[in-house]
Amino acid sequence: MDFIELLKKRRSHYLLSEDVVVSEEVLCESLRQLLLYLPSAYNSQSTRLVLLLGDAHKRLWNAVCDKIAMLVTPEAFAKSRAKIERCFASGLGTVLFFEDEAVVDGLRREYPLYADSFDIYSEHTSAMHQIAVWLLLVENGYGASLQHYDALLKNDINKMFGLPATWRLIGQMPFGKALDVPGEKSVVSLDERFRVVR
Ligand SMILES: Cc1cc2nc3c(=O)[nH]c(=O)nc-3n(C[C@H](O)[C@H](O)[C@H](O)COP(=O)(O)O)c2cc1C
């Protein structure tokens with residue numbers, strides 16, 4: 001697909017089905033390849049991706065619902081649960097984005113002069129992976145959105161999926177076959193956002 005067309009096609013989709021569009025093998029291999037070629041601060045390769053499918057994908061969104069149930073009124077919870085089921089759990093899977101704090105700590109020790117910057121670089125590195133994964137999902141025929149239930153999940157998620165304790169959750173990207181058509185987006189003038197200086 002033409003690159004700009006691919007960028008245009010990537011939107012946040014909030015109505016997903018679990019229909020399989022490409023095989024699990026193709027999807028896994030694409031994600032593995034993507035990890036090989038993306039940039040990272042100081043080539044640290046601090047990003048960790050976890051592809052949740054099947055029961056694991058459902059367990060994630062059930063866990064989010066359980067957490068919300070403890071924090072809000074029953075009426076508010078009913079609304080949240082309906083949204084989570086329709087928009088996220090209904091999809092085929094979720095890609096989880098982590099940053100390995102052991103790697104980031106290593107950078108701090110190796111380059112003490114820049115120690116204060118490595119948390120920020122780690123977030124930037126994750127963001128590069130997030131947009132690349134989102135575009136890869138679109139290229140493979142899926143729709144997705146980007147979610148941030150990290151604060152609710154952070155104490156349990158590593159144990160829930162048997163992941164190393166040093167992996168810090170950054171974001172969740174539920175995906176599936178898109179059943180919705182996103183509305184028009186407001187656009188800030190390009191004159192505000194782009195300059196050429198000679
Ligand atoms: C850093 C970042 C964080 C975001 N967090 C969320 C989020 O927590 N929940 C959500 O539904 N969308 C989230 N989004 C998606 C944006 O709301 C969305 O990309 C934006 O409104 C433009 O819509 P589009 O994705 O359809 O182009 C996030 C996007 C970015 C770049």
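Do we find a residue being part of a helix (DSSP H, G or I), touching a helix residue (DSSP H, G or I) at 6+ places or on another chain (Cβ under 8 Å) and in contact (Cβ under 8 Å) with a residue 40 or more places away in the chain anywhere in the range 18-29? Lay out the reasoning, then the answer.
Taking the range 18-29 first, the residues part of a helix (DSSP H, G or I) are 24-29.
Those still in the list that are touching a helix residue (DSSP H, G or I) at 6+ places or on another chain (Cβ under 8 Å) too: none.
Checking the range 18-29: not a single residue is part of a helix (DSSP H, G or I), touching a helix residue (DSSP H, G or I) at 6+ places or on another chain (Cβ under 8 Å) and in contact (Cβ under 8 Å) with a residue 40 or more places away in the chain.
Suppose we keep only residues that are within 16 Å of the ligand (Cβ to nearest atom) and closer than 20 Å to residue 132 by Cβ within the range 144-167. Which one would you say is surrounded by the fewest Cβ atoms within 10 Å (Cβ to Cβ)?
Once the filter is applied, the top-ranked residue is 148.
Filter the range 155-167 down to the residues that are at pLDDT 95 or above and over 23 Å from residue 54 (Cβ atoms) and list them by number. So that I can check it myself, show each step before the final result.
Kept after step one, since they are at pLDDT 95 or above, are these residues of the range 155-167: 156-167.
Once the filter is applied, which keeps residues that are at pLDDT 95 or above and over 23 Å from residue 54 (Cβ atoms), the range 155-167 yields 165, 166.
Could you check residue 97 against (1) surrounded by fewer than 14 Cβ atoms within 10 Å (Cβ to Cβ); (2) within 17 Å of the chain's Cα centre (by Cα); (3) hydrophobic (A, V, I, L, M, F, W, C) and say which number it fails?
(1)
Six or more apart or on different chains, Cβ atoms under 7 Å: show the pairs whose first residue is in the range 93-106 and more than 30 Å from residue 13 (Cβ to Cβ) and whose second is not aromatic (Phe, Trp, Tyr).
Cβ pairs passing all conditions: 101/166; 101/168; 102/166; 103/44; 103/46; 104/46; 104/119; 104/122.
Can you spot a residue in the range 177-189 that is under 21 Å from residue 61 (Cβ atoms) and either away from the ligand (no atom under 14 Å from the Cβ) or free of Cβ contacts under 8 Å to residues at least 12 places away in the same chain (or both)?
yes
Which of the residues belonging to the range 109-143 are polar (S, T, N, Q), surrounded by fewer than 17 Cβ atoms within 10 Å (Cβ to Cβ) and within 20 Å of residue 46 (Cα to Cα)? Walk me through how you get there before you give the answer.
Just the residues of the range 109-143 that are polar (S, T, N, Q), to begin with: 117, 122, 125-126, 130, 140.
Now drop any that are not surrounded by fewer than 17 Cβ atoms within 10 Å (Cβ to Cβ), which leaves 117, 140.
Listed by number, the list holds a single entry, 117.
Looking at the structure I just gave you, is residue 110 within 26 Å of residue 166 (Cα to Cα), touching a strand residue (DSSP E or B) at 6+ places or on another chain (Cβ under 9 Å) and modelled with pLDDT of 95 or more?
Values: within 26 Å of residue 166 (Cα to Cα): yes; touching a strand residue (DSSP E or B) at 6+ places or on another chain (Cβ under 9 Å): no; modelled with pLDDT of 95 or more: yes.
So residue 110 fails the test.
How about the range 36-53: which of its residues are in contact (Cβ under 8 Å) with a residue 24 or more places away in the chain and assigned to a helix (DSSP H, G or I)?
Kept after step one, since they are in contact (Cβ under 8 Å) with a residue 24 or more places away in the chain, are these residues of the range 36-53: 38-42, 44-53.
The answer is 41, 42.
Can you tell me which of 60, 15, 53, 27 is over 19 Å from residue 161 (Cα atoms) and either within 16 Å of the ligand (Cβ to nearest atom) or surrounded by fewer than 17 Cβ atoms within 10 Å (Cβ to Cβ) (or both)?
Numbers: 60 fails: over 19 Å from residue 161 (Cα atoms); 53 fails: over 19 Å from residue 161 (Cα atoms); 27 fails: either within 16 Å of the ligand (Cβ to nearest atom) or surrounded by fewer than 17 Cβ atoms within 10 Å (Cβ to Cβ) (or both).
After applying the criteria, what remains is 15.
The values are calculated or read from the model by the stated rules, or taken from the named source; none is laboratory data. All values derive from a computational prediction rather than experimental measurement. Positions of Cβ are backbone-derived with ideal geometry, glycine not excepted, and every protein chain shown enters the neighbour counts.
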